[in-house]
Amino acid sequence: ESVTAVRGGISAARGECAVAIRRAFAAADCAKESVTGAMMASVTPSVNEAWERLVHEEAGLDLGFVRYDMHLPFTLDYEHPEFTGADRLADMAATTILYGAPALVVDIGTAVTYDLISSDHRFFTGVIGPGPEILARSLHDYTALLPLVEWWSKEAPEEPKNTEQAMLFGIDAGFTGIIRETVMRLQPLVGKDAHRIITGGFAQRFVDKLGMDFIVDRDLTLRGIGILSVGDF
């Protein structure tokens, strides 16, 4: 009846992933025998088989995957729904069940997704844009002298005094502006009273600068996986 979750990638050491699974059981305060299922939202199909083996070895469970054609608490009113990312499906499932609709969901990752759910629970449009890591890497990759800055390691200064600081400021201001402008363009499609949810590890870092009313839920994707794994809605 309870749901716990593991976040991570098989690109990490196999041992680390196994430890994460064991810790999930410990955090849920339950024995392996009481767990009846496991589910994953994967956007990297090449690692799915490795995760299936690992979960089976560590937990004795078959691993299910979030898919567009499973039972969802919303309908997919979108061209080629089979290409909708599993993480986006999980985000929208959690938003629909936990916060309601209409809603606008922003998920900050390598790419940033903006997904809109109508009042009658339809995913009818969405946007994909660059995340801060892409902005940082593009400055490095497409120029001769600019370094690859660790934008997440420190806040951008109010008054840059060197190249690194100038890049931190540009990445921070540019990305914040991207979110604000995208949300402002999308908001009329769901109405001014729609719920606005933002998730991702750096959601709090940027939401404070947006000056917009967002609910911050860092675990939205994981909550959605749990909801879809149970399917009782």
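The values are calculated or read from the model by the stated rules, or taken from the named source; none is laboratory data. Owing to the predicted nature of the structure, the values given are computational and were not obtained by experimental measurement. We place every Cβ from the backbone using ideal geometry, glycine too, and count neighbours over all the protein chains shown. Calculation scope for accessible area: heavy atoms of the full protein, side chains included, ligands and nucleic acids excluded. Shrake-Rupley method; radii C 1.70, N 1.55, O 1.52, S 1.80 Å.
Assorted remarks:
- Calculated mean residue ellipticity at 222 nm for the chain: -13500 deg cm²/dmol, from DSSP H runs with n ≥ 4 weighted as -39500 (n - 2.57), summed, divided by the residue count and rounded to 500.
- Relative contact order for the chain, counting Cα pairs under 8 Å that sit 6 or more residues apart, in percent: 21 percent
- Gain on full extension, evaluated as 0.36 nm per residue between Glu57 and Val43 minus their Cα-Cα distance, stands at 2.8 nm.
- Long-range amide H partners of Ala38 with built H, under 5 Å: Gly64
- Calculated FRET value between Ala50 and Glu159, using beta carbons and R₀ = 45 Å, to 0.05: 0.40
- Taking Cβ atoms as reference points and 14 Å as the exclusive limit, the residues near Ala111 contribute a net charge of -3, counting Lys and Arg as +1 and Asp and Glu as -1.
- Percentage relative contact order, segment 125-233, counting C-alpha pairs under 8 Å, at least six apart: 17 percent
- Hz values of 3J(HN,Hα) by residue in segment 209-217 - Karplus curve (6.51, -1.76, 1.60), Gly and Pro given as x: 8, 6, x, 10, 7, 10, 8, 9, 9
- Using a Gaussian network model of the chain in which every pair of alpha carbons under 10 angstrom is joined by a spring, one finds that among Ala194, Ala94, Ala166 the greatest mean-square fluctuation is at Ala166.
- Within the accessible surface of segment 103-227, defined with a 1.4 Å probe on protein heavy atoms only, the carbon and sulfur portion equals 54 percent.
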